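The values are calculated or read from the model by the stated rules, or taken from the named source; none is laboratory data. Everything numeric here is computed off the predicted structure, so don't read it as measured data. In this analysis, Cβ positions are derived from the backbone assuming ideal geometry, glycine residues included, and neighbour counts consider all displayed protein chains.
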Amino acid sequence: MLWSNSQDRRKFKRRNLIYYIPVIENDTHHPIGRMADISQMGFMLDSDTEVPLEKDFQLGLNTTPDVADIAFIGFVARSKWCRADNIEPCQYYVGFDIVDIEPHVAEIVQCIVDKYGAGDAPIH
C-alpha cells in the first residue's frame, strides 16, 4: 500500500519530550542518542552519528520510579530514516519504529508518553 505522506504512515501521534532521554544499545551499553519525541510505537533520536537504515537495534533506557517499577527497559527498534541537521551537519535526526516490545514495557513507554510528552512533534 502506498502512503501519501509521513503523517498517514504514522499510526500514533508523536509527542515532544520535555527533556531528552538517553538511549543506549543493549549489547554495548554505548549511547546511541537522545530521545527527542516518542509515541507508543516509535520515536526520534538526536544522534552524534549517522545510523544505517532498516536495521534492527536492541535498545534500552533507564527509567525513574515515577514512570516504571523497573530501572531499565529494553526493546527492539528499526531505524526508518536518518537526516543530518541543517545547521549542525554532524548531528542527525533518526526515526525508529518499535518492532518488538514486551507488554509491560509497552505500558511503561505509554506512561513516558503521557507524563513527559509536551506537544505534538513535527513530521520529519
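When you go through 27, 56, 66 one by one, which is the residue that is among the acidic types (Asp, Glu), closer than 22 Å to residue 115 by Cβ and in contact (Cβ under 8 Å) with a residue 24 or more places away in the chain? Answer to the selection: 66. Taken together, 118, 68 contain a single residue that is among the hydrophobic types (A, V, I, L, M, F, W, C), more than 17 Å from residue 30 (Cβ to Cβ), surrounded by fewer than 14 Cβ atoms within 10 Å (Cβ to Cβ) and out of contact with any Gly (no Cβ under 9 Å at 6 or more places or on another chain), which is 118. For region 22-34, the count of residues that are among the basic types (Lys, Arg), touching a strand residue (DSSP E or B) at 6+ places or on another chain (Cβ under 6 Å) and modelled with pLDDT under 90 is zero. Residue count for region 15-30 satisfying the condition of being assigned to a strand (DSSP E or B) and of a type in the set (S, T, N, Q): 1.
Output yes when any residue across region 82-98 is farther than 20 Å from residue 16 by Cα, over 11 Å from the mean Cα position of the chain (by Cα) and at pLDDT below 90, and no when none is. Yes, the conditions are met somewhere in region 82-98. Any residue at all in region 71-81 that is out of contact with any Ser or Thr (no Cβ under 7 Å at 6 or more places or on another chain), under 24 Å from residue 114 (Cα atoms), without any contact (Cβ under 8 Å) to a residue 12 or more places away in the chain and β-branched (Val, Ile, Thr)? Among the residues of region 71-81, not one is out of contact with any Ser or Thr (no Cβ under 7 Å at 6 or more places or on another chain), under 24 Å from residue 114 (Cα atoms), without any contact (Cβ under 8 Å) to a residue 12 or more places away in the chain and β-branched (Val, Ile, Thr), which makes the answer no.
Residue count for region 75-90 under the criterion of being more than 14 Å from residue 37 (Cβ to Cβ) and surrounded by 15 or more Cβ atoms within 10 Å (Cβ to Cβ): the result is 5.
Filtered by the rule that a residue be over 8 Å from the mean Cα position of the chain (by Cα) and part of a strand (DSSP E or B), region 31-53 gives 31, 32, 33, 34, 46, 47.
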